[in-house]
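The next block holds one structure in the form of structure tokens; read it before the comments.
The values are calculated or read from the model by the stated rules, or taken from the named source; none is laboratory data. Computed from a predicted structure; not experimentally measured. Here Cβ is always computed from backbone atoms with ideal geometry, including for glycine, and neighbour counts include all displayed protein chains.
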Amino acid sequence: MHTALRAARPRHILRTAAALATLPRFMSVAPSPWFVDAEDEPTPPSQTFDRRPTPPHIPEHTEPFKLPENIPEPIRLLYETLKTSPFLEPDTLVAREPLKIPHGPRVPVKAPNGRRRIRGKTYAGESTLDLGSGGLWNWVVMAQVKEGTESRGSIESVVRVVRKTLLSVQPPLPLPQKSAKGRPTNGWAMIDAGNFAVHIMSKQARMKYFENIENSTPW
């Protein structure tokens, strides 16, 4: 019966089946022609991707941020908590001492004027620069939310995590009351925690308010 069915098949089908039966199960790659040099042969895709140069806007070697050894324990706890936040850019989270702000030019003294001739002197007064610490706080914690999420409540969510973390430490920190405003203005929220401040901001706010004074940081 099988012989009859085989005889009934067309010859081109029999030739195709016979040719496929003689092919090896795994076909090997044919060798390159004699006129193709070895260095001109195409590189496998995996090796090509491995040798791609790093884009200019991405640093080749980014060292992870390390906390200072003398950092207070509440800031260390807050830093470890914010590292797991899905709303923050991991590379922008820093906790350190504030940068030293350089002194500007002295305020010029005006000439006396008025009837009593005593209204000309200008007294600049004492500023936070005279404290020698670079500002009102001994430490600062700064982080940037992911771009595009600042209008969807990411800053407010991180601020809630910051307040919850700092209120759970012992002894309790002197945090101010929650603001009556529902959303921070200009994409920037600050929490005053006594001897340190926490800044949560958008990318636009960081570039506008912190780009000039934070140019020496990994940002």
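Some observations on this one:
- Against the test of being modelled with pLDDT of 80 or more and touching a Phe, Trp or Tyr at 6+ places or on another chain (Cβ under 9 Å), the options 157, 151 yield a single qualifying residue, 157.
Yes or no, residue by residue, for (1) part of a loop (DSSP other than H, G, I, E, B); (2) closer than 29 Å to residue 65 by Cα; (3) at pLDDT 85 or above:
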residue	(1), (2), (3)
114	yes, no, no
147	yes, yes, yes
170	yes, yes, yes
182	yes, no, no
206	no, yes, yes
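- Among residues of segment 60-78, those that are surrounded by 11 or more Cβ atoms within 10 Å (Cβ to Cβ) and modelled with pLDDT under 90, counted: 3
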